[in-house]
Amino acid sequence: MGRKRHAFPSWARRTAGTEEQVRQVEQFILDGSASCREYFSVQTGEGTDRGLQSLQIDDWRALLEKPAQP
């Protein structure tokens, strides 16, 4: 299992249903403990753009096998 970095704004908009959900997820991550922010390698902007810029998450895949038809 590897880790993959995602640009937060585009990743969140693809996975969340509304802009309000994007804002809530961003705030939840930014308010998290230092160890959580470190684990996810949270990067924030500088200056006036201090929002969440990117994070790194575990990358995993599930492999499934379809049973043979009789």
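Values for this structure:
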| read-out | value |
| --- | --- |
| Flag if ASP58 is open to solvent by less than 80 Å² (accessible area, probe 1.4 Å) and either outside any loop (DSSP other than H, G, I, E, B) or not aliphatic (A, V, I, L, M) (or both) | yes |
| Hits in the stretch 1-55 - residues which are of a type in the set (Phe, Trp, Tyr), surrounded by 13 or more Cβ atoms within 10 Å (Cβ to Cβ) and in a helix (DSSP H, G or I) | PHE8, TRP11, TYR39 |
| Among (1) under 13 Å from the mean Cα position of the chain (by Cα); (2) part of a loop (DSSP other than H, G, I, E, B), the one test that GLN69 misses | (1) |
| Close pairs from the stretch 1-22: first farther than 19 Å from THR44 by Cβ, partner open to solvent by 40 Å² or more (accessible area, probe 1.4 Å), Cβ under 7 Å, at least 6 apart | MET1/ASP58; MET1/ASP59; MET1/TRP60; GLY2/ASP59 |
| Where a residue in the stretch 30-59 is over 21 Å from GLY2 (Cβ atoms) and touching a residue at least 24 places away in the same chain (Cβ under 8 Å) and its partner, wherever it lies, is open to solvent by 50 Å² or more (accessible area, probe 1.4 Å) and assigned to a strand (DSSP E or B), with Cβ under 6 Å and at least six apart | LEU52/THR44 |
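The values are calculated or read from the model by the stated rules, or taken from the named source; none is laboratory data. None of these values were measured; they are calculated from a predicted model. Because the Cβ atoms are built from the backbone with ideal geometry, glycine has one as well, and the counts that use them run over all protein chains shown. In case anyone asks, the SASA skips ligands and DNA or RNA and just uses the protein heavy atoms, side chains included. Shrake-Rupley method; radii C 1.70, N 1.55, O 1.52, S 1.80 Å.
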